[in-house]
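The values are calculated or read from the model by the stated rules, or taken from the named source; none is laboratory data. Everything quoted here is computed from the prediction, not taken from an experiment. Virtual Cβ from ideal backbone geometry, glycine too; neighbours counted across all protein chains shown.
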Amino acid sequence: MRAVVTTPRSGGQLLAELMSAVRTDNEDVRRPPRPARDGAPRLLRGRKLPAPVRVRAGHPAEPASLGLDEVLERRRSERFFTGEGVDLEVLTEALASAVDADADLWPAPEEWATRPLLVVAALRVRGLSPGIYRFDAPTSTYALLAEVDRDAVAQMVLQVEYADAPVIVAAVGSPADAVHSRGDHGLRLLHLRAGSACYAALLAASRRGLTGSVFAGFLPSGLRHHVVADGYHLSQVFAVALGRVAAYPETPPV
């Protein structure tokens, strides 16, 4: 057997080769998306649980109390929350804002492969029992995927204080479909759209007096116990925790 001799490369050389391999040029960006392999985007598969909970009123009756300029002036990241719950109508408005922002920025139907889906871990949402839900904007429907409590959510996050948030909104998508449709650029688009959706939800919720913080989201090892997500065909990309702010503890949790 003939020995294969490789030349050692520095860390800088390896990084340069990696960047070159995944670099996106204008041709990649302009290339039209490929059609879906199965004709439709993959969706989360719910378990045999009760029928979807339908929101009685899609949006709050009263207009938002804060304007966008005021929200931007006051905004700060918060990750310690009170035990107060969140109104279902307020949550629905925030999620609808995220969906609308994504549709405005990426209106083409063929961009389905990089479109994020919104999944909600609701612990203290008035009108929803504790659980993980899939949100459908056109029908303002929450489909229950798994029943969870605070301890279960604590096993799904790296920083346990996020488990005290009344609600966590996660943007999920399919890296497999994104890469199939757009190549390497598809994965970038998926992450970009997930971040945009989470920030839009945070700004809309802030206009209603809520606060929170975007963060990396759920640990794959914890999420897969409750939702069908293998990290490739379906993966959580980004998330935002929402609630009302609490005073910071004297000694933050480790």
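When you scan the range 151-167, do you find a residue that is without any contact (Cβ under 8 Å) to a residue 60 or more places away in the chain, assigned to a helix (DSSP H, G or I), of a type in the set (A, V, I, L, M) and in contact with a Lys or Arg (Cβ under 8 Å, 6 or more places away or on another chain), even just one?
The answer is yes, given that some residue of the range 151-167 is without any contact (Cβ under 8 Å) to a residue 60 or more places away in the chain, assigned to a helix (DSSP H, G or I), of a type in the set (A, V, I, L, M) and in contact with a Lys or Arg (Cβ under 8 Å, 6 or more places away or on another chain).
Scan Val167, Val179 and give me the residue that is within 14 Å of Phe218 (Cβ to Cβ) and either hydrophobic (A, V, I, L, M, F, W, C) or over 17 Å from the mean Cα position of the chain (by Cα) (or both).
Result of the check over Val167, Val179: Val167.
Yes or no: the range 216-223 includes at least one residue that is modelled with pLDDT under 90, assigned to a helix (DSSP H, G or I) and either closer than 25 Å to Arg126 by Cβ or aliphatic (A, V, I, L, M) (or both).
yes
Consider only pairs whose beta carbons are under 6 Å apart and that are at least six residues apart or on different chains; among these, list those whose first residue lies in the range 220-241 and is of a type outside the set (A, V, I, L, M, F, W, C) and whose second residue is in a strand (DSSP E or B).
His226/Ile132; His226/Ala146; Gln236/Ala170; Gln236/Val172
Quick one: count up the residues across the range 168-180 that are among the hydrophobic types (A, V, I, L, M, F, W, C) and assigned to a helix (DSSP H, G or I).
Qualifying residue count for the region: 3.
Take Ala200 and decide whether it is modelled with pLDDT of 90 or more, among the aliphatic types (A, V, I, L, M) and under 9 Å from the mean Cα position of the chain (by Cα).
Here the answer is no, as Ala200 does not meet what is asked.
From Pro130, Pro109, Pro116, which residue is closer than 28 Å to Ser181 by Cβ and either without any contact (Cβ under 8 Å) to a residue 40 or more places away in the chain or among the aromatic types (Phe, Trp, Tyr) (or both)?
The unique qualifying residue is Pro109.
Go through the range 189-241 and give me each residue that's within 14 Å of Pro175 (Cα to Cα), buried (at least 18 other Cβ atoms within 10 Å of the Cβ) and touching a Lys or Arg at 6+ places or on another chain (Cβ under 8 Å).
Leu189, Arg193, Leu234 - these are the residues of the range 189-241 that are within 14 Å of Pro175 (Cα to Cα), buried (at least 18 other Cβ atoms within 10 Å of the Cβ) and touching a Lys or Arg at 6+ places or on another chain (Cβ under 8 Å).
Quick one: in the range 100-114, of everything that is closer than 21 Å to Ser235 by Cα and in contact with a Pro (Cβ under 9 Å, 6 or more places away or on another chain), which residue is surrounded by the fewest Cβ atoms within 10 Å (Cβ to Cβ)?
Top of the filtered list is Glu110.
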